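See below for the structure under consideration.
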Amino acid sequence: MNYKAYHFKVSPPQPGSEILIAHLSELGFDSFEYKEDGFVAFVNSLLKVNFKPEDYRFEDFNYEFTIQDIPQSNWNQEWEKNFEPVFVDRLLCIRAPFHKSEPDVLHEIVIMPKMSFGTGHHQTTRLMCKAMFEQEFKSKRVLDMGCGTGILAILAHKLGAKEITGIDVDAWSAENSLENCIANNCQEIKIIQGDASALLHEKPFDHVLANINKNILKRDIPLYVEKMNAGALLYLSGFFVTDQDELNEVCTRSGLEFLSDDQAEGWAMMLFLKK
């Protein structure tokens, strides 16, 4: 699977970058990397993107962009050139095998992504990790929906969860999650390639982690709720602060109780309880 990278230069970078990212996420772009002068937006090359600059003109900022093809064989090379270790306070360090160990951090996760996203650099991944440290995972059954590189599933294992399932629709992501689980001595984590329909034969979960884009969450939240035990927690991220009311409404209709939220640079995370 190949990707296209849209390199945006935005003047001024904020809030222009956030506004553009909000529009691009609706078009199918599935990951964004912030730069000092803008950002890079990634999209599957097989997806026909209908981004026409003439349809996206703004009074408060200007932008220009170039498009780069990224073959899967070049992904690791591109990633290694830019990846630095990611820290969630001093609780967690997400690093690559070529980085030195951080012995003064409570937990480390070592990953080497292929063509999957979720290196921890994105605000939503860090928001999810931070929220997980605030809850009890010992001996719990956990679902990582849209597992990407497997970071959240691996962290759940390190926090004491005993039965963990990761699901991702992308074959490269599922394969990469499995490899990263093995690299972090979490071989017992079950990884499935598929969408939410893969939950049909799964037993109910105590924690459901879903860091996916807004439209998929809106569609699949009822399916997640069906596979949650009473008292289970649903962690949602992958969307903007401006999307919270819309997702809160979906969760409320599905019988969930809002518990808390967190925000970082315009991105949001919400926590819900199944009564």
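The values are calculated or read from the model by the stated rules, or taken from the named source; none is laboratory data. Here the structure is a predicted model, which is why all the values come from computation and not from measurement. Quick reminder, even Gly has a Cβ in these numbers, built from the backbone with ideal geometry, and neighbours come from all protein chains shown.
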Within region 181-249, strands (runs of 3 or more DSSP E) holding 1 or more residues that are of a type in the set (Lys, Arg): 190-193
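This table checks each residue for (1) under 30 Å from residue 14 (Cα atoms); (2) surrounded by 17 or more Cβ atoms within 10 Å (Cβ to Cβ); (3) assigned by TED's automatic domain parsing to the domain that holds residue 31.
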residue: 201; (1), (2), (3): no, no, no
residue: 204; (1), (2), (3): no, no, no
residue: 217; (1), (2), (3): yes, yes, no
residue: 241; (1), (2), (3): yes, no, no
residue: 251; (1), (2), (3): no, yes, no
residue: 254; (1), (2), (3): no, yes, no
residue: 257; (1), (2), (3): no, no, no
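The rows are residues; the columns are (1) closer than 30 Å to residue 18 by Cα; (2) crowded, with 19+ Cβ neighbours inside 10 Å; (3) among the hydroxyl-bearing types (Ser, Thr, Tyr); (4) in contact with a helix residue (DSSP H, G or I) (Cβ under 6 Å, 6 or more places away or on another chain).
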site: 97; (1), (2), (3), (4): no, no, no, no
site: 105; (1), (2), (3), (4): no, no, no, no
site: 133; (1), (2), (3), (4): yes, no, no, no
site: 141; (1), (2), (3), (4): no, yes, no, no
site: 150; (1), (2), (3), (4): yes, yes, no, yes
site: 168; (1), (2), (3), (4): yes, yes, no, yes
site: 186; (1), (2), (3), (4): no, yes, no, yes
From the options 55, 37, 30, 60, residue that is exposed (fewer than 15 other Cβ atoms within 10 Å of the Cβ), at pLDDT below 90 and not aliphatic (A, V, I, L, M): 60
Return yes or no: is residue 242 among the hydroxyl-bearing types (Ser, Thr, Tyr) and closer than 19 Å to residue 111 by Cβ? no
